[in-house]
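Engineer: Below are the structure tokens for one structure; questions will follow.
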Amino acid sequence: MMRGHDVGSAAKEQRASRLVIAIDGPAGVGKSTVAKLLASRLNYLYLDTGALYRATAWAVIESGRDPADAKAVAALLPSLSIQMQLHHGAATVLVNSRDVTGELRTPEVSSAASVVSAIPAVRAWLLPLQRQIGQGGAVVAEGRDMGTTVFPSADVKFFLEADPNVRAQRRHRELVTAGHSGALEETSADLSSRDTRDRSRSIAPLAPAEDARHIDTSNVCAAEVVDQMMAVIAAKL
Ligand code: DC
């Protein structure tokens with residue numbers, strides 16, 4: 001999103017109420033919960049960019065390709081159309097017009113999403129879509145590279161962190177609630193290998209932007225995190 005330095009007062013007015021808010025951090029820090037709550041408080045769109053990587057991974061698995069085969073994955077992209085229909089607080093994700101929303105949060109798709117997200121062609125392909133959704137502002141965008149790459153001029157940037165054990169417990173609870181079985185240790189190991197991959201990839205790795213505010217969510221409930229964020233955002237509204 002282009003931001004001019006010399007905006008007139010009418011443009012400032014308009015911009016003031018349509019902020020781009022970037023939230024980044026590793027899996028299990030509570031990003032989605034907090035981003036959804038914040039978007040609903042502000043009456044903004046909630047942009048879950050992880051869902052786009054998940055949808056791409058879902059399509060790769062469905063096509064029978066190996067998510068780690070960068071060439072094969074890149075060759076699939078031109079035949080793919082991913083659409084995100086945003087409603088307040090929820091999104092429907094379509095891959096070639098098929099609604100895959102309910103199939104994106106399995107451990108298999110989580111792991112494949114992390115693998116395909118390290119492929120430069122995939123990141124380049126998803127970049128315009130994310131920017132297009134965010135271009136009008138009034139959006140809470142959540143992911144790994146919102147503040148560093150997708151929306152480097154976001155009005156407010158947050159980077160969430162939490163103790164690895166707390167993150168594993170949270171993610172495990174989510175999976176159990178969604179009907180998946182599996183031990184906590186397995187979730188913990190999945191999370192840790194996904195993090196290492198997300199942080200160490202060569203392109204747009206998971207990292208805080210220099211101007212991001214860090215919030216540790218280990219011992220703070222989602223509503224309190226949103227309160228902390230609102231205190232920062234209020235000054236910009
Ligand atoms: O946020 P999530 O768990 O739904 O994301 C799934 C994977 O997608 C994550 O392991 C890394 C990748 N991802 C990314 O690389 N960049 C983003 N902006 C969002 C997600």
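The values are calculated or read from the model by the stated rules, or taken from the named source; none is laboratory data. As the structure is a computational prediction, the values presented were derived from the model and not from experiment. Note: ideal-geometry Cβ built from the backbone for every residue, glycine included; neighbour counts use all protein chains shown. To get the accessible areas, we keep the full protein, side chains included, count just its heavy atoms, and leave off ligands, DNA and RNA. Shrake-Rupley method; radii C 1.70, N 1.55, O 1.52, S 1.80 Å.
Engineer: I need the shape label for the chain. Rule: rounded when a/c is under 1.5, else prolate if a/b > b/c, else oblate, with a, b, c from the alpha carbon gyration tensor. Intermediate results must be reported in sequence, preceding the final value.
Structural biologist: Details: a/c = 1.76, a/b = 1.27, b/c = 1.38.
In terms of gyration-tensor shape, oblate.
Engineer: Take the alpha carbon gyration tensor of region 94-135, find the square roots of its eigenvalues, order them as a ≥ b ≥ c, and report rounded if a/c is under 1.5; if not, report prolate when a/b exceeds b/c, else oblate.
Structural biologist: Verdict is oblate for region 94-135.
Engineer: With a cut-off of 11 Å, note down the residues of region 138-169 whose backbone N falls inside the zone around a label point 7 Å from the Cα of ARG199 toward its beta carbon.
Structural biologist: Counting only backbone N, you get 162, 164.
Engineer: Ok, one more. Leaving out ligands, DNA and RNA, what percent of the accessible area of the chain is carbon and sulfur, probe 1.4 Å? Don't skip to the end; give the middle numbers.
Structural biologist: On the way: 5820 of 11340 Å².
Roughly 51 percent, rounded to a whole number.
Engineer: For helix 31-42, what angle does its Cα long axis make with the longest principal axis of the chain, in degrees from 0 to 90 and rounded to 10?
Structural biologist: Roughly 30 degrees between the two axes.
Engineer: Tell me the per residue accessible area of region 129-237 using a 1.4 Å probe; a whole number in Å² is fine.
Structural biologist: Details: 5430 Å² over 109 residues.
Ligands and nucleic acids excluded, the figure is 50 Å² per residue.
Engineer: If amide hydrogens are placed 1.01 Å from N in the peptide plane, which non-local residues have theirs closer than 5 Å to the one on ILE215?
Structural biologist: The list, which skips near neighbours in sequence, is PHE159, LEU160, GLU161.
Engineer: Would you mind checking the tilt of helix 184-200 against the longest principal axis of the Cα atoms of the chain, expressed as 0 to 90 degrees and rounded to 10?
Structural biologist: Roughly 60 degrees, rounded to the nearest 10.
Engineer: Quick check: with the 1.4 Å probe, what order do THR149, THR33, THR187 take by accessible area, largest first? Let's see the in-between values first.
Structural biologist: Values: THR149 45, THR33 70, THR187 10 Å².
Putting THR149, THR33, THR187 in descending order of accessible area: THR33, THR149, THR187.
Engineer: Now for a different question. For region 97-193, which chymotrypsin sites (Phe, Trp or Tyr not before Pro) pass both filters: DSSP loop (anything but H, G, I, E, B) and at most 15 other C-beta atoms within 10 Å?
Structural biologist: Working: sites: TRP125, PHE158, PHE159; in loops: none.
The qualifying sites: there are none.
Engineer: Right, something else. How tilted is helix 49-62 with respect to the longest principal axis of the chain? Cα atoms for both, answer in degrees (0 to 90, nearest 10).
Structural biologist: In the chain, helix 49-62 runs at an angle near 20 degrees to the longest axis.
Engineer: Round to the nearest 10 and report in Å² the accessible area of LEU37, as given by a 1.4 Å probe over the protein chains' heavy atoms.
Structural biologist: My reading of the accessible area for LEU37 is about 80 Å².
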